[in-house]
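**Student:** Below is one structure. I have some questions about it.
The values are calculated or read from the model by the stated rules, or taken from the named source; none is laboratory data. As the structure is a prediction and not an experimental result, all values here were calculated from the model. Methodologically, a virtual Cβ is constructed for each residue, glycine included, from the backbone with ideal geometry; neighbour enumeration extends over all protein chains shown. In case anyone asks, the SASA skips ligands and DNA or RNA and just uses the protein heavy atoms, side chains included. Shrake-Rupley method; radii C 1.70, N 1.55, O 1.52, S 1.80 Å.
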Amino acid sequence: MLGWFPRNISTVGGDVDALFAWITIVAVVWFVLVEGALLWFVLRYRRRPGVRAAHVRGETRAELAWLLVPALVILGLDFAIDAASARVWRRVKIDMPAGEVQLAVTAKQFAWTFGYPGADGVLGTADDINLDAELHVPAGRDVRLVLRSADVLHSFFLPNARIKQDAVPGRAIDVWFNVTEPGTYEVACAELCGFGHTTMKATLFVHTPEEFAAWMASHAGGQPG
Amino acid sequence: MSDVAAAAVHEPALGFWRGYVFSVDHKTIGKQYLAMAMVMALLGGATAYVMRWQLAWPDTAVPLAGWLPEQMAYQGIIDPAFYNQLVTMHGTIMIFFVAMPLLLGAFGNFLVPLMVGAPDMAFPRLNMLSFWTFFVASVVLLTSFVVPAGAASGGWTMYPPLSARASYTGVEWGINLWLIAVALEFASFLMGGINLVVTTINLRAPGLSFFRLPLMVWMELIAAILFLLSVGPLIAGVLMLFLDRVAGASFFVPQEGDPLLWQHLFWFFGHPEVYVLLLPGVGAVLEILPVFSRKPVFGYRPIVWSTIVAGVLSFVVWAHHMFISGIDPRLASPFSVTTILISVPFAIILFAMIATLWRGAISFATPMLWAIGFIATFLIGGLTGIYVGAAALDIYFHDTYFVVAHFHYALFPSVIFGGFAGLYFWYPKMFGRMLSERLGQLHFWLTFVTFNAVFLPMFALGFGGHMRRIADPTAYTFLQPLMPLHRAATWATIALLLSQLPFLVNFLVSLRRGPIAGANPWRAATLEWSAASPPPHGNFAVLPTVYRGPYEYSAPGAPDDVCPQDAPPSTREVRAS
Amino acid sequence: MSAIGVVAPRGTASGIPSGKLAIWWFLASETMTFGGLLGVFVLFRYAAGGWHEPAAHLHVWLAATNTLVLLTSSYTMVRAHAAETAEDRRATQRWLFVTMGLGLAFLAIKAVEYASEWRAGFTPRSSLFWGFYYGLTGLHAAHVLGGVIALVALGIALARGRAWGAVRQRVEYVGLYWHFVDIVWIFLFPLVYLS
Ligand code: HEA
Ligand code: HEA
Ligand code: CUA
Ligand SMILES: [Cu+2]
């Protein structure tokens, strides 16, 4: 099933994919057990002439165990899944590194604008460079984004990096990622934002650090963040 | 409808209007809801067909859609804005105008009074009012298709600010009408829900204690209570959104307002609501399993308690729809815990269903096939809920087709499989005639196969990262390899829709031609089967007295393999107790 | 009722009359509506640092008068219920009439208040506070109006000489609703007006 996923290029993507694999193992085991029992009973206990059904209410202790013991096992598995998920979640969404590159992302109907610090190396000043639909980052560096929206909800989605975060007007939301493989990838909008939602996309350019420095220089004469 | 003709035999004196249109009889009202649900299901299916075509062959003319006005589709080619309207109306129609009227309106109304041994609902006139409120809501919703700029297009979740200002969508009246329709629908099911709750609590026949209630009644009761207690904040939310739109208020629009507030209000209702849609289907399955395996339900009490626990938990999981919406990220993991915890009560319920089959004497009449099909498919919907319940994995799956596949695997089994299970099972009681077994089995197998063929590919679309609610997947390169899956799902959708033809034929023809059913064709034990088929106004010739639980099948020593709830105890039974 | 009209089921397996049970469930749901709205209001007010400035434009005295009117109407409602328990049909009718009058007075004062605010240029568009002001008090006023309509219906039933037994219980049910609407106002008044 992981074969269907777009190629992972981020440092956290592997964690997300591993979580998927682990939940899949649990789910497939229970799927097979439950469908198996269902199929077996349905075939085994078909009505036969002269055979009367057993009168079992499932209310004695021994019978209840058939419900409650598996339920306990499931409870344990639930907590295991919770723990695994919480660990990955913390890494992606809570414990954010300071970031070696700082960028600003603004979503609006129906385009992405990416803001890079200009010559002064500080975001939010007059010499910022704003580029439409092009997100340039260096490979192997922690990238910090501040996500804003100018109008409605949008969602910043990097399929290859397993990163997604809604952009909410009136809020500035932090996002970080670290992508390791140079190349070009797609950025999508994953939240319904109007008739142009389908085409609200951008391109992620992952450069080698040297290329990125050169790119920044050519655009601003400045140094990377 | 020719149930009109069938019922007329019983009600010669009432005349057309009071007998069939402004009727106060819970059975007629139940059938009115059923008719509405079926008509709306066809519409929901039609919207699905147009969407599916557009997704598989973007920007080609949709066959049979050439007549659509230009504002929606130019010579049958779907406009992206119209696609958004289709998604929105498909979700809204299926949830609020198919599932609710079918599961609470039709089944709740028709069955609960019969199953508790009452002559009617506690408030027959309120019942009529609730149906007609629902009818008006439906008309308002459908009107929105033809107003200028078209129907609502904010998704069935109607997130602001997109929905809060007409300029963001270009849809002016469509969303206003949507809000009015939904408010009316809520009012209708508030009335209906209160009626169901009071009927269950107060009109139970002598001897029918709570723990002798058929599980269907429990499920309707708990569903109604969940609805009553969760809908209030969203009613407030609908009012606020309406003020935002028509009075220029800014509850959900920055700088002052907060778009996320709507999401909290919507999902505080929305998650209990999905269990409102699940439980009646579960109830129908739990009635059918014992009848066709001639065994008591395994673990009656654990089922009831599990349902109550799941119901309570459903009020504290809502933020699992908002993991990446911008809420404080420290809230996510606690909500993951409560969300995933719900697997325990639902596992108990599913296991109890399967254990009911164990050592049974199973026969495979059509209702039983739907019930087994429910278990087999709902399991997939439930298990995939765990994937999205894990917040970290939901980062990737949120707003993708994985979610679409998850909820169709949860909703289709409970609404459509559960709905058909119940309909095939109680049709004889409703209309006094049997459906054709042959057509029924054909309908089941076709639907079972094509349903899976439609929605299994959508999991793979989700793995591929395919966003939901986009009109044209070819806009993205990374989605190109997934197009064959889209096409497969669309072919399967066409087959799924055609598979409903045997049902429609069966339903309509059997109204007149089906073999006469008799009071108890399935040899079942609950009270509705001791009334005539269809029951006359007032239901029971003599109001029944209940002597035992609802599932006394194959009791040791009993002469017959069924002991109806209202059969007076034999002398031997009295001595034994 | 004709034999084939409404088959009104009368039993009460729980011992509580059906009408009363229905009212209680209805009020439980209403509590969620008002609770949700008021809760959200409190959160926003807190986040905005109190909204003292816009709240200063409210007519606290009109609202205080209305509080008094509504509290009095609850008292007269209690008297109506007491009269009903004492099987005093005329007194019941009288107290219900007074209650209805007070309800109308509340609405009239409210209308004066709205008109004055609106003329002063404060509309739901003005700011979030005003959105809440109109939303909250408007929803509440709609409930008062609903109560007045119920009282009128009850009054008509009594005046027409409908069987006393059939009407009696309804006095209690309308009373429960009326007290609920009153309680909502008790929360609303300090939260909205006394910032
Ligand atoms: C009938 C409807 C129904 C039902 C029953 C469910 C049941 C569940 N749902 Fe689903 N859900 C929807 C309808 C439903 N859902 C809809 C409509 C949406 C999308 C709305 C929208 O955005 O448009 C949605 C979306 C949705 C989301 C948000 C996804 C997103 O937008 O990113 C989440 C996240 O947690 C979720 C979780 C769950 C869970 C945990 C369950 C649980 O109740 C499932 C519990 C059952 C089981 C788990 C199976 C039985 C258990 C076993 C066999 C034991 C083995 C299991 C383990 C060891 C774990 N659902
Ligand atoms: C009960 C709910 C329900 C049901 C049954 C269905 C049924 C179907 N749905 Fe969906 N769907 C939703 C609820 C439902 N849906 C919701 C809530 C959304 C989200 C909307 C949003 O994003 O805002 C959605 C979204 C959605 C999408 C995503 C669109 C997008 O994101 O861009 C797609 C795409 O393929 C889709 C397809 C289908 C298809 C092919 C069917 C087919 O199964 C349809 C087949 C037809 C029928 C099942 C009707 C047949 C029945 C009868 C004729 C008889 C009636 C009988 C009785 C009443 C007993 N649906
Ligand atoms: Cu922006 Cu979708
Ligand atoms: Cu949910």
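**Student:** Taking the condition out of contact with any strand residue (DSSP E or B) (no Cβ under 9 Å at 6 or more places or on another chain), away from chain A (no Cβ under 12 Å) and crowded, with 24+ Cβ neighbours inside 10 Å, does B:Val276 pass? Working first, answer last.
**Tutor:** Numbers: out of contact with any strand residue (DSSP E or B) (no Cβ under 9 Å at 6 or more places or on another chain): yes; away from chain A (no Cβ under 12 Å): yes; crowded, with 24+ Cβ neighbours inside 10 Å: yes.
Answer is yes for this residue.
**Student:** Sticking with this structure for a sec: Within the bounds of the range B:554-565, is there any residue that is more than 27 Å from the chain's Cα centre (by Cα), in a helix (DSSP H, G or I) and within 14 Å of chain A (Cβ to nearest Cβ)?
**Tutor:** Initial filter on the range B:554-565 (more than 27 Å from the chain's Cα centre (by Cα)): B:554-565.
Adding the requirement that they be in a helix (DSSP H, G or I) leaves none.
No, that holds for no residue.
**Student:** I'm trying to understand the selection: among the residues of the range B:154-194, which are within 16 Å of ligand 2 (Cβ to nearest atom), among the β-branched types (Val, Ile, Thr) and not in a loop (DSSP other than H, G, I, E, B)?
**Tutor:** B:Thr169, B:Ile175, B:Val182 - these are the residues of the range B:154-194 that are within 16 Å of ligand 2 (Cβ to nearest atom), among the β-branched types (Val, Ile, Thr) and not in a loop (DSSP other than H, G, I, E, B).
**Student:** Would you please name the residue that is nearest to B:Phe540 (Cα to Cα), looking only at residues in the range B:206-231 that are open to solvent by less than 20 Å² (accessible area, probe 1.4 Å) and at the interface with chain C (Cβ under 8 Å from one of its Cβ atoms)?
**Tutor:** Going through the qualifying residues, I end up with B:Leu208.
**Student:** Let me ask something additional. State which residue is most open to solvent (accessible area, probe 1.4 Å) when the search covers only the range A:24-66 and only residues that are in a helix (DSSP H, G or I), modelled with pLDDT under 95 and at the interface with chain B (Cβ under 7 Å from one of its Cβ atoms).
**Tutor:** By that ranking, first place goes to A:Trp66.
Yes/no matrix, rows are residues, columns are (1) more than 16 Å from ligand 3 (Cβ to nearest atom); (2) touching a Leu at 6+ places or on another chain (Cβ under 9 Å); (3) of a type in the set (Gly, Ala, Ser):
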{"site": "A:Asp132", "(1), (2), (3)": "no, no, no"}
{"site": "A:Pro138", "(1), (2), (3)": "yes, no, no"}
{"site": "A:Asp142", "(1), (2), (3)": "yes, no, no"}
{"site": "A:Lys164", "(1), (2), (3)": "no, yes, no"}
{"site": "A:Thr180", "(1), (2), (3)": "yes, no, no"}
{"site": "A:Leu192", "(1), (2), (3)": "no, yes, no"}
{"site": "A:Gly196", "(1), (2), (3)": "no, no, yes"}
{"site": "A:Ala213", "(1), (2), (3)": "yes, no, yes"}
{"site": "A:Ala217", "(1), (2), (3)": "yes, no, yes"}
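**Student:** If only one of B:Ile362, B:Ile375, B:Ile395 is more than 20 Å from B:Phe110 (Cβ to Cβ) and within 17 Å of the chain's Cα centre (by Cα), which one is it?
**Tutor:** On the way: B:Ile362 fails: within 17 Å of the chain's Cα centre (by Cα); B:Ile395 fails: within 17 Å of the chain's Cα centre (by Cα).
The unique qualifying residue is B:Ile375.
**Student:** Sticking with this structure for a sec: Any chance the range B:386-408 includes a residue that's more than 12 Å from chain A (Cβ to nearest Cβ), closer than 17 Å to B:Thr447 by Cα and either modelled with pLDDT of 95 or more or near ligand 1 (Cβ under 8 Å from one of its atoms) (or both)?
**Tutor:** Scanning the range B:386-408 turns up at least one residue that is more than 12 Å from chain A (Cβ to nearest Cβ), closer than 17 Å to B:Thr447 by Cα and either modelled with pLDDT of 95 or more or near ligand 1 (Cβ under 8 Å from one of its atoms) (or both).
**Student:** Do the conditions hold for B:Ile324, that is, is it touching a Ser or Thr at 6+ places or on another chain (Cβ under 9 Å), within 16 Å of ligand 3 (Cβ to nearest atom) and closer than 23 Å to A:Ser85 by Cα?
**Tutor:** Values: touching a Ser or Thr at 6+ places or on another chain (Cβ under 9 Å): yes; within 16 Å of ligand 3 (Cβ to nearest atom): yes; closer than 23 Å to A:Ser85 by Cα: yes.
Criteria met by B:Ile324.
**Student:** Could you please let me know if B:Ala332 is at the interface with chain A (Cβ under 7 Å from one of its Cβ atoms), open to solvent by less than 30 Å² (accessible area, probe 1.4 Å) and of a type outside the set (Ser, Thr, Tyr)?
**Tutor:** Working: at the interface with chain A (Cβ under 7 Å from one of its Cβ atoms): yes; open to solvent by less than 30 Å² (accessible area, probe 1.4 Å): yes; of a type outside the set (Ser, Thr, Tyr): yes.
Yes, satisfied.
**Student:** Only residues that are more than 8 Å from chain C (Cβ to nearest Cβ) and touching a helix residue (DSSP H, G or I) at 6+ places or on another chain (Cβ under 9 Å): list them for the range B:245-254, please.
**Tutor:** To start, the set of residues in the range B:245-254 that are more than 8 Å from chain C (Cβ to nearest Cβ) comprises B:245-246, B:252-254.
The answer is B:Arg245, B:Val246, B:Phe252, B:Val253.
**Student:** Kindly list the number of the only condition in (1) open to solvent by less than 20 Å² (accessible area, probe 1.4 Å); (2) within 7 Å of chain B (Cβ to nearest Cβ) that fails for A:Val12.
**Tutor:** (2)
**Student:** Does the range B:419-428 include one or more residues that are in contact (Cβ under 8 Å) with a residue 12 or more places away in the chain and within 13 Å of ligand 1 (Cβ to nearest atom)?
**Tutor:** yes
**Student:** When the residues of the range B:459-472 are narrowed to those that are among the aliphatic types (A, V, I, L, M) and away from ligand 1 (no atom under 13 Å from the Cβ), which ends up nearest to A:Ala190 (Cα to Cα)? Explain how you work it out, then say what you get.
**Tutor:** Filtering the range B:459-472 for residues among the aliphatic types (A, V, I, L, M) gives B:460-461, B:467, B:470-471.
Of the ones still in play, those that are also away from ligand 1 (no atom under 13 Å from the Cβ) are B:460-461, B:470-471.
Details: B:Ala460: 17, B:Leu461: 14, B:Ile470: 9, B:Ala471: 12 Å.
Only one residue fits best here, namely B:Ile470.
**Student:** If a residue has to be out of contact with any Pro (no Cβ under 8 Å at 6 or more places or on another chain), within 10 Å of ligand 1 (Cβ to nearest atom) and either open to solvent by 10 Å² or more (accessible area, probe 1.4 Å) or among the β-branched types (Val, Ile, Thr) (or both) to count, how many in the range B:279-317 make the cut?
**Tutor:** Number satisfying all stated conditions: 2.
**Student:** Let me ask something additional. Could you check the range B:340-377 and list, in sequence order, the residues that are open to solvent by 10 Å² or more (accessible area, probe 1.4 Å), assigned to a helix (DSSP H, G or I) and more than 9 Å from chain A (Cβ to nearest Cβ)?
**Tutor:** Matches in the range B:340-377: B:Phe346, B:Leu369.
**Student:** Also, I was wondering about something else. Evaluate the range A:116-127: report whether one residue or more is within 29 Å of A:Tyr185 (Cα to Cα) and either at the interface with chain B (Cβ under 8 Å from one of its Cβ atoms) or in a strand (DSSP E or B) (or both).
**Tutor:** Checked the range A:116-127: at least one residue is within 29 Å of A:Tyr185 (Cα to Cα) and either at the interface with chain B (Cβ under 8 Å from one of its Cβ atoms) or in a strand (DSSP E or B) (or both).
**Student:** Residue by residue through the range A:144-157, note down the ones that are surrounded by fewer than 22 Cβ atoms within 10 Å (Cβ to Cβ) and touching a Gly at 6+ places or on another chain (Cβ under 8 Å).
**Tutor:** First, the residues of the range A:144-157 that are surrounded by fewer than 22 Cβ atoms within 10 Å (Cβ to Cβ): A:144, A:146, A:148, A:150-151.
The one that is surrounded by fewer than 22 Cβ atoms within 10 Å (Cβ to Cβ) and touching a Gly at 6+ places or on another chain (Cβ under 8 Å): A:Arg144.
Residue by residue, here is whether (1) under 18 Å from C:Gly135 (Cα atoms); (2) without any contact (Cβ under 8 Å) to a residue 24 or more places away in the chain; (3) outside any helix (DSSP H, G or I) holds:
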residue: C:Ser14; (1), (2), (3): no, yes, yes
residue: C:Arg45; (1), (2), (3): yes, no, no
residue: C:Thr65; (1), (2), (3): no, no, no
residue: C:Gly101; (1), (2), (3): no, yes, no
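**Student:** Moving to a separate point now. Which of the residues spanning the range A:146-205 are on the phi > 0 side of the Ramachandran plot and either without any contact (Cβ under 8 Å) to a residue 40 or more places away in the chain or within 8 Å of another protein chain (Cβ to nearest Cβ) (or both)?
**Tutor:** Of the residues in the range A:146-205, the ones on the phi > 0 side of the Ramachandran plot are A:162, A:170, A:183, A:194.
Residues satisfying the conditions are A:Arg162, A:Gly170, A:Gly194.
**Student:** Is it true that B:Ser363 is farther than 22 Å from B:Trp218 by Cβ, touching a Lys or Arg at 6+ places or on another chain (Cβ under 6 Å), touching a residue at least 24 places away in the same chain (Cβ under 8 Å) and not hydrophobic (A, V, I, L, M, F, W, C)? If you could, list the steps in order and put the result at the bottom.
**Tutor:** Numbers: farther than 22 Å from B:Trp218 by Cβ: yes; touching a Lys or Arg at 6+ places or on another chain (Cβ under 6 Å): yes; touching a residue at least 24 places away in the same chain (Cβ under 8 Å): yes; not hydrophobic (A, V, I, L, M, F, W, C): yes.
Judged against the criteria, B:Ser363 is a match.
**Student:** For the range A:158-195, name all the residues that are within 16 Å of ligand 2 (Cβ to nearest atom) and open to solvent by less than 10 Å² (accessible area, probe 1.4 Å).
**Tutor:** Kept after step one, since they are within 16 Å of ligand 2 (Cβ to nearest atom), are these residues of the range A:158-195: A:164, A:166, A:188-195.
Answer for the range A:158-195, where residues must be within 16 Å of ligand 2 (Cβ to nearest atom) and open to solvent by less than 10 Å² (accessible area, probe 1.4 Å): A:Lys164, A:Asp166, A:Ala188, A:Cys189, A:Ala190, A:Glu191, A:Cys193, A:Gly194.
**Student:** Okay, moving on. Can you spot a residue in the range B:142-153 that is in a helix (DSSP H, G or I), over 24 Å from C:Met32 (Cβ atoms) and open to solvent by 10 Å² or more (accessible area, probe 1.4 Å)? Talk me through it step by step, then tell me what you get.
**Tutor:** Let us first name the residues in the range B:142-153 that are in a helix (DSSP H, G or I), namely B:142-143.
Applying the additional criterion that residues be over 24 Å from C:Met32 (Cβ atoms) yields B:142-143.
After this cut, where a residue has to be open to solvent by 10 Å² or more (accessible area, probe 1.4 Å) as well, the list is B:142-143.
The answer is yes; a qualifying residue exists.
**Student:** Just a yes or no: is a residue in the range B:442-461 outside any helix (DSSP H, G or I), buried (at least 24 other Cβ atoms within 10 Å of the Cβ) and at pLDDT 95 or above?
**Tutor:** Initial filter on the range B:442-461 (outside any helix (DSSP H, G or I)): none.
Checked the range B:442-461: no residue is outside any helix (DSSP H, G or I), buried (at least 24 other Cβ atoms within 10 Å of the Cβ) and at pLDDT 95 or above.
**Student:** To continue, here is another question. Tell me, yes or no, whether the range C:128-140 has at least one residue that is modelled with pLDDT of 95 or more, open to solvent by 10 Å² or more (accessible area, probe 1.4 Å), under 19 Å from C:Thr76 (Cβ atoms) and not in a loop (DSSP other than H, G, I, E, B).
**Tutor:** no
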